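See below for the structure under consideration.
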Amino acid sequence: MSSDAITTTSGAAIAAAMGTTGMGAPASALPQPPGCLRIRLTTTLPAPADWVAKELQTTALFRCITAPLLQFTTVHGPWPAHWPLGDTELRLALFGLLPMGRQTARISVHPCDGIPGAWPLLRDDGTGQLMRVWDHRITVHPLPGATESTCYTDEVFVRARYLPWVMTPLSAAFAWLFYRHRQRRWRKLARSHAGPQHPGASA
């Protein structure tokens, strides 16, 4: 199967899980928000890309990898099983103790052009009471020649709502720690999924 066919099939799977038949603009066409600082972190997960992409769509995975550093609750009703496209209103608290206001998760999916075999990019173009911009983009693709390993990248653009010349650099430093934490939790989950038979399971 060609890489174009893989991407099309992957896109259809994500669109079906999210209850939509369409996706947004190609990832390469997404703008970089002005006035933001950019953080980009990549890790290797010892699990197949299709499993990673499937888990990525669930809110349970999100709550697992963000804990205990940040605890999120929904503003309206219970958590959905999968992220819906569009806006989801959240509250967040540092370590579950210090309230940090509301945050809107604004979910969309975009064809990930330029990366052979990549699943569509998952984007949270978020904003909140403390952050004017929290634009988080996730790319997932299998490592060449290693079908049981996945290249996973978090890229986020941040801009604070208040005193941005001071708070934006501090927010970017927090984002770096936060996504390092998330990726560490991701690797632990992936090793658990892979089991001892996987060469990366003991890493």
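Of all the numbered requirements in (1) touching a residue at least 40 places away in the same chain (Cβ under 8 Å); (2) open to solvent by less than 40 Å² (accessible area, probe 1.4 Å); (3) in contact with a helix residue (DSSP H, G or I) (Cβ under 9 Å, 6 or more places away or on another chain); (4) polar (S, T, N, Q), T74 misses one, and that requirement is (1). Is it the case that the range 117-127 has a residue that's on the phi > 0 side of the Ramachandran plot and either assigned to a loop (DSSP other than H, G, I, E, B) or open to solvent by 40 Å² or more (accessible area, probe 1.4 Å) (or both)? Yes: one or more hits.
One residue stands out among those in the range 174-202 that are modelled with pLDDT of 95 or more and aliphatic (A, V, I, L, M): the one that is nearest to R40 (Cα to Cα), which is A175.
Quick check: anything in the range 191-199 in a helix (DSSP H, G or I) and either buried (at least 17 other Cβ atoms within 10 Å of the Cβ) or in contact with a Cys (Cβ under 6 Å, 6 or more places away or on another chain) (or both)? Yes, some residue in the range 191-199 is in a helix (DSSP H, G or I) and either buried (at least 17 other Cβ atoms within 10 Å of the Cβ) or in contact with a Cys (Cβ under 6 Å, 6 or more places away or on another chain) (or both). If the condition is being surrounded by fewer than 19 Cβ atoms within 10 Å (Cβ to Cβ), among the hydrophobic types (A, V, I, L, M, F, W, C), assigned to a helix (DSSP H, G or I) and at pLDDT below 80, then the range 5-63 contributes A5, I6, A12, A13, A15, A16, A17, A29.
The values are calculated or read from the model by the stated rules, or taken from the named source; none is laboratory data. These figures come from a predicted structure and were not determined experimentally. Quick reminder, even Gly has a Cβ in these numbers, built from the backbone with ideal geometry, and neighbours come from all protein chains shown. With ligands, DNA and RNA removed, areas are computed over all heavy atoms of the protein, side chains included. Shrake-Rupley method; radii C 1.70, N 1.55, O 1.52, S 1.80 Å.
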